[in-house]
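Worksheet: one structure, shown below.
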Amino acid sequence: MSKINLLIINGKSANDSTLRKAVYQLRDEGFNLQVRVTWESSDIRRFVQEAIDMQAETVIAAGGDGTINSVVSELIHLSPSSLPTLGVIPLGTANDFATSAQIPRDMENALNLAVKGRAVPIDVINVNKTRYFINMASGGFGTKITTETPEALKSALGGAAYFINGLLSIDTLKADHCTIEAENFHWEGESLILGIGNGRQAGGGQQLCPDALINDNKLNITIVEAHELLPSLLNSLFDRKKNDKIIERESRWVNISASHEMVFNLDGEPLLGNKFEFIVLPEAIHCRLPPQCDLLS
């Protein structure tokens, strides 16, 4: 019996005809590819457990960064002996992880990679001992943009919607006064944008942590200080060489605290609080990635 691959598709994207065609093509080649479609958030947990019960070789997350996050958050609890490999099909608005990892946007190539590609170990980040992500935790102004951008705007404009909505929200810029601690690093001040990166980009294409690698057992920290105001703020995001108000560090752990409530966006999933503890879980899962993937050391 051929090895089983379980494809979990976000219900919003279930009618993608190019993905349907790619599934049929792989089945015609003899691959055992089973499909499940989500209707509500609890479905992913059930589908991942189903993959374990059928001893699936690969669990493929077809959707945006939030769908990938949900699948990873279920896989991370499994014992290494039964852990399927993660595959990724980019079907979301931003697809920040898939873009950084050079996963093809073409459905046929993406699905072929997810089923046949090389499986490599990658780090997963634990937050407050209860939440997880593989790409990015973003805080501050960028998080406000991604969490408040209307669905209709995202549907019409894709990743550009985040940038457009950001321009419309410039008058609501508000700094977070916080303390950030990491290995050989302590900072306290007013931050406009925070990036805690395992991957490189968030918010529909902003390279918050351009040097991050997902298998180096480290987090990349980017802080845009609040006295870096517009128009130089936007300039600094696109050309950081021109600006010394962006602080960048690497560490295996990061602690962030504030006297007020902050919000972080964990691969599309919001997390509120005033204390955040980020810890790297080295090589916690395997993921099928292209040979040219820039995120690998």
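The values are calculated or read from the model by the stated rules, or taken from the named source; none is laboratory data. Because the structure is a prediction, the values reported are computed rather than measured. With ideal geometry, Cβ positions are generated from the backbone for all residues, glycine too; neighbour counts draw on all protein chains shown. The area values use the complete protein model at the heavy-atom level, side chains included, leaving out ligands, DNA and RNA. Shrake-Rupley method; radii C 1.70, N 1.55, O 1.52, S 1.80 Å.
Could you derive backbone 3J(HN,Hα) for the range 30-40 from the dihedral phi with the Karplus parameters 6.51, -1.76 and 1.60 (θ = phi - 60°), listing whole Hz in sequence and x where the residue is Gly or Pro?
Each residue of the range 30-40 in turn: x, 7, 8, 10, 9, 10, 10, 10, 7, 10, 9 Hz.
Taking θ = phi - 60°, what integer Hz values does the Karplus form 6.51 cos²θ - 1.76 cosθ + 1.60 yield along the range 246-251, in sequence order, with x for Gly and Pro?
9, 9, 10, 9, 10, 6
Please compute the length gained on full extension between T179 and Q49, using 0.36 nm multiplied by the number of residues separating them and subtracting their Cα-Cα distance. The partial results should precede the final answer.
Working: separation 130, 0.36 × 130 = 46.80 nm, distance 3.91 nm.
Residue separation times 0.36 nm, minus the Cα-Cα distance, leaves 42.9 nm.
Give me, ordered by chain and number, the residues 5 or more places off V263 or on other chains with an amide H under 5 Å from its own placed amide H.
G140
What nm value, rounded to one decimal, do you get for the distance between H186 and H77 when each label is placed 7 Å out toward the C-beta?
Going by the 7 Å Cα→Cβ label model, 3.8 nm.
Which whole-Hz couplings ³J(HN,Hα) result when phi for each residue of the range 65-70 is put into the Karplus expression 6.51 cos²θ - 1.76 cosθ + 1.60, θ = phi - 60°, listed in order with x for Gly and Pro?
With the stated coefficients, the range 65-70 comes to 4, x, 5, 4, 4, 5 Hz.
Once amide H atoms are built 1.01 Å from N in the peptide plane, which residues 5 or more positions from V37, or in another chain, come under 5 Å H to H?
It is I9, by chain and number.
Tell me, what is the 1.4 Å probe accessible area of F31, in Å² to the nearest 10?
70 Å²
Label-point separation (nm) for K21 and Q292, each offset 7 Å from Cα along Cα-to-Cβ?
Output for this residue pair reads 2.3 nm.
Determine how large the accessible area of R200 is when every protein chain is in place; take a 1.4 Å probe and give Å² rounded to the nearest 10.
40 Å²
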